[in-house]
Structure formats: C-alpha cells, structure tokens
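Q: Got a structure here, written out as structure tokens. Questions coming.
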Amino acid sequence: MGFWARTFITAFALWAATELVPGIEVRGLLRLLLAALVFGLVNAVVRPVLVLLSLPLTIVTLGLFLLVVNAAMLGLTALLLPGFRVDGFGAALLGAIVVSVVSWAATRVFSGPGLGER
C-alpha cells in the first residue's frame, strides 16, 4: 500500500477519533491531512525510541503499556500541530485506541486479499 493511501487512511482514522472521542478536535480538512502526516512522522521517528526505552514496562504489563505509548504519540502530534487538539490523557488514550482500530480495519478493507501483508 502506498504512502498516500496510508496517509488518507490515517486521516480517516483521526477524523473518526474526533467524531467518537470528546476532547479531540481538528479544524478543517487540510489540518486533518497535516495531522495525518505529522502523526505518521512521529510514529516513524519517535515511537520506536519510546517502545525500546519502555520495553521492560511493556513486558511487565504484557504489552498494555503500548497503549500509553500510542496515546503519547497522539498527544505529541497535537503539541506539534496548531489546530489539532487533544484534551488530556484520557482523550489521548481513547483516541489512540480508535485510531488503531479504524486504521487496522480500513487497511484490511482497502488493501484487498494479500496486498496488506508483508
């Protein structure tokens, strides 16, 4: 799946989070696409470092701490991008869950059989 397809799926997932989670807000379609780009960049650059640093805690919590890492990535995206707002840890945690589930589902639907696998 190409870069732009993944970006649009992430934008759709972020839009779903703004609709389903109180406390997450984005202003406009352009800002939503920028948020998807920044979120992808943050997940590509910062997330692997945080996952590595938090590995002992992730092991102790049987992987549940990764939800906190995902919430932190959503919060960091909101800090870096004006016009995208996440109000608090609870909204970030629920938003990260929504974004993860919607991104997974949309990737499965749009990639077709065998195309989304590596």
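Conditions (1) aliphatic (A, V, I, L, M); (2) closer than 17 Å to residue 18 by Cβ; (3) surrounded by fewer than 13 Cβ atoms within 10 Å (Cβ to Cβ), marked per residue:
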| residue | (1), (2), (3) |
| --- | --- |
| 46 | yes, no, no |
| 66 | yes, no, no |
| 81 | yes, yes, no |
| 87 | no, yes, no |
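Q: Sticking with this one: Any chance you could count how many residues in region 31-88 are on the phi > 0 side of the Ramachandran plot and either among the basic types (Lys, Arg) or out of contact with any strand residue (DSSP E or B) (no Cβ under 8 Å at 6 or more places or on another chain) (or both)?
A: Residues meeting the conditions: 3.
Q: Of the residues in region 13-31, how many are farther than 14 Å from residue 78 by Cα, crowded, with 17+ Cβ neighbours inside 10 Å and either out of contact with any helix residue (DSSP H, G or I) (no Cβ under 6 Å at 6 or more places or on another chain) or of a type outside the set (Val, Ile, Thr) (or both)?
A: Adding up the residues that qualify gives 2.
Q: Right, here's the next one. When you go through 106, 72 one by one, which is the residue that is within 20 Å of residue 12 (Cα to Cα), part of a helix (DSSP H, G or I), at pLDDT 95 or above and not charged (D, E, K, R)?
A: 72
Q: Ok, one more. Do we find that residue 36 is part of a helix (DSSP H, G or I), among the hydrophobic types (A, V, I, L, M, F, W, C) and touching a Ser or Thr at 6+ places or on another chain (Cβ under 6 Å) in this structure?
A: Against the criterion (part of a helix (DSSP H, G or I), among the hydrophobic types (A, V, I, L, M, F, W, C) and touching a Ser or Thr at 6+ places or on another chain (Cβ under 6 Å)), residue 36 qualifies.
Q: While we're looking at this one, here's another question. If a residue has to be of a type outside the set (Val, Ile, Thr) and closer than 14 Å to residue 43 by Cβ to count, how many in region 93-103 make the cut?
A: So the count comes out to 4.
Q: Shifting gears a bit: Kindly indicate whether residue 57 is surrounded by 18 or more Cβ atoms within 10 Å (Cβ to Cβ), at pLDDT 95 or above and of a type outside the set (Gly, Ala, Ser).
A: In short, no.
Q: If residue 85 passes every condition in (1) touching a residue at least 12 places away in the same chain (Cβ under 8 Å); (2) among the charged types (D, E, K, R); (3) in a helix (DSSP H, G or I) but one, which one does it miss?
A: Unmet condition: (3).
Q: Moving on to the next point. Considering (1) touching a residue at least 40 places away in the same chain (Cβ under 8 Å); (2) closer than 26 Å to residue 3 by Cβ, say which one residue 19 fails and leave the rest.
A: Failing condition for residue 19: (1).
The values are calculated or read from the model by the stated rules, or taken from the named source; none is laboratory data. Just so you know, these numbers come straight off a predicted model, no measurement behind them. Because the Cβ atoms are built from the backbone with ideal geometry, glycine has one as well, and the counts that use them run over all protein chains shown.
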